[in-house]
Structures are given as C-alpha cells and as structure tokens.
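Structure first, commentary second.
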Amino acid sequence: MRHLAQRLAVVSLLLCPVLAPSPTNADTTIRVAVVQNAESVALSASSGLIIRAPNDDVAANGRITVAAGASGLVVDGQRLRSDRIEVRGRSGDVTVNNLTVAGRVTVKRQNGKLIAINEVALEDYVKGVVPAEMNAAWHPEALKAQAMAARTYALYKIRQNGKKDFDVVASTKDQVYKGRAGADGPAGRATDETRGQVLTFQDEPILAAFFSTAAGPTEDALNVWSVDLPYLKGVECPFDMSSPYFQWRTDVWIPLLEQRLREEGFPVGVIASLSPAYYTKAGRVSHVRILHSDGELHVKGEDLRRVLGYTVLASTQFDFEVVGFQIQFTGRGAGHGVGLCQWGAKELAEKGYSAEAIVRYYYPGAEIRDISSLPRR
C-alpha cells in the first residue's frame, strides 16, 4: 500500500504550479576550494592576469606559478611578504591547475602548503556542478532538478560555513565542480531556466543531498548521518532499473581491509570474520560486525564505504561472503541513498514529470522558493 500511495503522490505533484525563474540576488557568491594541500598552483589567462597581494607588487603576466615559502608565497621565484594573493583573468576567466573558472581565485599559504579558493557567482558555480554531477545528455527536466538541488545544497553550505575559509570543496565531499567546462551546454540552460530557485523548509535552504542509484527505497538521513530532517525521509524509488549501478559485484582482500581500517584509526587486528550487525528499514547495512584477533569492532556501513573507497563499495545495500582471504560483495545501487536519486530523476523526466514534481517527490515537504524571497542572514 505504501508503494502505491507514493506512486500516486508523484502523479498528484504534476498539478503543482511551476515557478518562473527570477533574478538571483546579485551579491550571492560561493567560495569553492578547488585546490588543497598543494605544493604549487599554476594560474593563467589568455588575456592576462590581474594580481593583488596585500604587501607586495606582483607582475601581472599571462601565467604564474605559486609556491609556499618559509614565511610567505613565492611567485615565479619572487619571494613575497604576503601569504595570500588574489588573481583574476582580464577577460573574466582564470585557469587554476587546468580548471578554468569564472570569478576570483585566492591562493593562500596554509600549514606550509597551498589552498586555492574560487569565489564565484552562485549561478556560475551551479553551471559548473550540473554537468559534472549529471550526464548533460539527459532529459532537460532531470538537469533542471539537478540544478535546483545543486543550488540549494550550495546555499545551505554558504549559510553553514560563513566563518570558514571556504564554503564547499570541488569534489564528491560536497559537489563535483568543473568550472566553465560544459557551462554553455544543456546543463547551463537548465541552470538558467531555474535561476534562483531553491528548495526550502521553514524559510531555510534544505540539505539537498543527492546520489546516483537507489535500487529500492531511498533512505532516511537519520539512518545514514544520524540527523533527523523531515524533508530527507525515504520514499519508494522503482524508477532506476536502467542504471548500470542497479546491481554490482566487487571483491576485496581482507588484508587490504585491515590496512585501510588501521589507516583510518580503527583498532583492528587480524580479521577472522565479518557479518552484518544491523540494517536500516530500507534494507541497507547500517553496521558491520568484525571479529578480529584483538576483539570485536562495529563499523558503520557508510564508514566501510569510505574506508574501502566509494567506487569500490558503491552503496551499503550489499550482501557478502568470505571466501578464504577474500570478501565477495554483491550489491545494488550507488551512493548514500539520501535525497534525490539521479537515475530515478532521469526516468521520471522521460515519463513526462517536471523538475518541480521530481524534487518535491524526493524532498517531501520542501517548498520551491526564489532565493531573493528568503530571509537575509
């Protein structure tokens, strides 16, 4: 009955009004860590660079290489007193280690290494996320749903991290960001057509999590991250069977698992056996029980994915068998299972559902608002 009720709920969402895009707040920018813990950073622009340093004059050439000195930065061999520089391209774009971005790039010396932060308009950032997170050849309504999710997630992080050096990183730790690559294609159009639209709950942007493939119901955030959010509740998702990640298998050597666990700070000896300890209500492995030479260890399913690598263990919806020194995993789905299922969004879009209907389904109770209508913080 629940399955049928959820499917009927999707149909009813088509009757919801579609919002027309309106201008985003002109001052909404996001700070993206595009390089971290680097020995050097290369910056270039075909039209030339504009460089500012707090305590130095730096020649504005078309290309520079920045390194960390003993007390400040080193630019093309020139030792600076400044521990940070701000760089722009004269044409508006600048390339940072082969990533071309709009806006400004700040390179800072931090703990003897370098970090490069791209401060960019929110809409330009979303144009750099959508084609990196979703196939740009997919249905426009799926791309629009992804754009709304990416924009909302970004705004959530902006409000959360205002006092930190950056808001997000340009990787799967937050959202993959490819700068100007693909920004002028279908993903860019999807961003423009949803300009300023975000998902909210009680006048605040939601934590708009998304993932690849559910292969079953999506998951409550409470069961994955121990955070109870009313708009991140599991829903039925029988829409993603065409995903290449719907079913998978992978083998892991037990000595490798032991090594990775120790590297991540888990106290583990020689592993004798593994077994699922708990499951979530959606059928994913919540905890794994590991018996080893020094005792017993319980590891969260998501921690096991992180330790082994998200590409190795695609989801926590798995079974496994220990054969000799090898763990044979068979599983379904890809990702943490919380929020928007991308392959589900693809299928729904192809069936004629709007982007608005898709996001309302996967984020139950969330409201679509224009960013300009939200209370200032």
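The values are calculated or read from the model by the stated rules, or taken from the named source; none is laboratory data. Just so it is clear, the structure is predicted and the values come from calculations on it, not from any experiment. Methodologically, a virtual Cβ is constructed for each residue, glycine included, from the backbone with ideal geometry; neighbour enumeration extends over all protein chains shown. What goes into the accessible areas is simple: the full protein's heavy atoms, side chains included, and nothing from ligands, DNA or RNA. Shrake-Rupley method; radii C 1.70, N 1.55, O 1.52, S 1.80 Å.
On the basis of being in contact (Cβ under 8 Å) with a residue 60 or more places away in the chain, of a type in the set (A, V, I, L, M) and under 16 Å from T28 (Cα atoms), does V101 make the cut? Quick ask: steps written out before the conclusion?
Numbers: in contact (Cβ under 8 Å) with a residue 60 or more places away in the chain: yes; of a type in the set (A, V, I, L, M): yes; under 16 Å from T28 (Cα atoms): no.
No; evaluated as a whole, the condition is false for this residue.
Would you tally the residues in segment 212-253 being among the small types (G, A, S) and open to solvent by 40 Å² or more (accessible area, probe 1.4 Å)?
Within segment 212-253, the first condition is being among the small types (G, A, S), and the residues that meet it are 212, 214-216, 221, 226, 234, 242-243.
Still in the running and open to solvent by 40 Å² or more (accessible area, probe 1.4 Å): 226, 242.
Counting residues in segment 212-253 that are among the small types (G, A, S) and open to solvent by 40 Å² or more (accessible area, probe 1.4 Å) gives 2.
Would you point out the residue of segment 244-303, among those that are within 29 Å of the chain's Cα centre (by Cα) and β-branched (V, I, T), that is farthest from P217 (Cα to Cα)?
For segment 244-303, the residue satisfying everything is V252.
Looking at segment 276-290 only, could you name the residues that are touching a residue at least 60 places away in the same chain (Cβ under 8 Å) and open to solvent by 50 Å² or more (accessible area, probe 1.4 Å)?
Within segment 276-290, the first condition is being touching a residue at least 60 places away in the same chain (Cβ under 8 Å), and the residues that meet it are 280-284, 286.
K281, the sole residue that qualifies.
L257: over 30 Å from E141 (Cα atoms), aliphatic (A, V, I, L, M) and not in a strand (DSSP E or B), yes or no?
Numbers: over 30 Å from E141 (Cα atoms): yes; aliphatic (A, V, I, L, M): yes; not in a strand (DSSP E or B): yes.
So L257 passes the test.
Within segment 178-185, does at least one residue satisfy the condition of being acidic (D, E) and either within 24 Å of A366 (Cβ to Cβ) or under 15 Å from the mean Cα position of the chain (by Cα) (or both)? Steps first, please.
Quick first cut of segment 178-185, residues acidic (D, E) only: 184.
Right, trim to either within 24 Å of A366 (Cβ to Cβ) or under 15 Å from the mean Cα position of the chain (by Cα) (or both) and you get none.
No, because not a single residue in segment 178-185 is acidic (D, E) and either within 24 Å of A366 (Cβ to Cβ) or under 15 Å from the mean Cα position of the chain (by Cα) (or both).
Out of everything in segment 186-230 that is of a type in the set (S, T, N, Q) and under 18 Å from the mean Cα position of the chain (by Cα), what residue ends up being nearest to I371 (Cα to Cα)?
Filtering segment 186-230 down to residues of a type in the set (S, T, N, Q) leaves 191, 194, 197, 200, 202, 212-213, 218, 223, 226.
Retained after the next criterion (residues that are under 18 Å from the mean Cα position of the chain (by Cα)): 191, 212-213, 218.
Values: T191: 14, S212: 26, T213: 29, T218: 27 Å.
Across segment 186-230, the extreme among qualifying residues is T191.
Kindly check whether there is at least one residue in segment 160-181 that is of a type in the set (F, W, Y) and in contact with a Gly (Cβ under 7 Å, 6 or more places away or on another chain).
Step one: of segment 160-181, the residues of a type in the set (F, W, Y) are 166, 177.
Applying the additional criterion that residues be in contact with a Gly (Cβ under 7 Å, 6 or more places away or on another chain) yields 177.
There is at least one residue in segment 160-181 that is of a type in the set (F, W, Y) and in contact with a Gly (Cβ under 7 Å, 6 or more places away or on another chain).
Could you please find all residues in segment 133-189 being at pLDDT 95 or above and of a type in the set (D, E)?
Within segment 133-189, E133, E141, D167, D174 qualify.
Quick one: which strands (runs of 3 or more DSSP E) sit completely within segment 51-156 and have at least 3 residues that are of a type in the set (A, V, I, L, M) and surrounded by 18 or more Cβ atoms within 10 Å (Cβ to Cβ)? Lay out the reasoning, then the answer.
Details: elements: 63-68, 73-75, 84-89, 93-96, 99-102, 104-110, 113-121.
So the answer is 63-68, 99-102, 113-121.
Could you give every pair whose Cβ atoms fall below 8 Å, whose first residue belongs to segment 183-202 and is open to solvent by 50 Å² or more (accessible area, probe 1.4 Å), and whose second residue is aromatic (F, W, Y) and at pLDDT 95 or above, counting only separations of at least 6 or pairs across chains?
Every condition considered, the pairs that remain are F201/Y231.
Does segment 220-236 contain any residue that is out of contact with any His (no Cβ under 7 Å at 6 or more places or on another chain), free of Cβ contacts under 8 Å to residues at least 40 places away in the same chain, β-branched (V, I, T) and in a loop (DSSP other than H, G, I, E, B)? Break it down into steps so the answer makes sense when it comes.
Filtering segment 220-236 for residues out of contact with any His (no Cβ under 7 Å at 6 or more places or on another chain) gives 220-223, 225-235.
Remaining after also requiring free of Cβ contacts under 8 Å to residues at least 40 places away in the same chain: 222, 226-229.
With β-branched (V, I, T) added as a condition, the list becomes 227.
Retained after the next criterion (residues that are in a loop (DSSP other than H, G, I, E, B)): 227.
Scanning segment 220-236 turns up at least one residue that is out of contact with any His (no Cβ under 7 Å at 6 or more places or on another chain), free of Cβ contacts under 8 Å to residues at least 40 places away in the same chain, β-branched (V, I, T) and in a loop (DSSP other than H, G, I, E, B).
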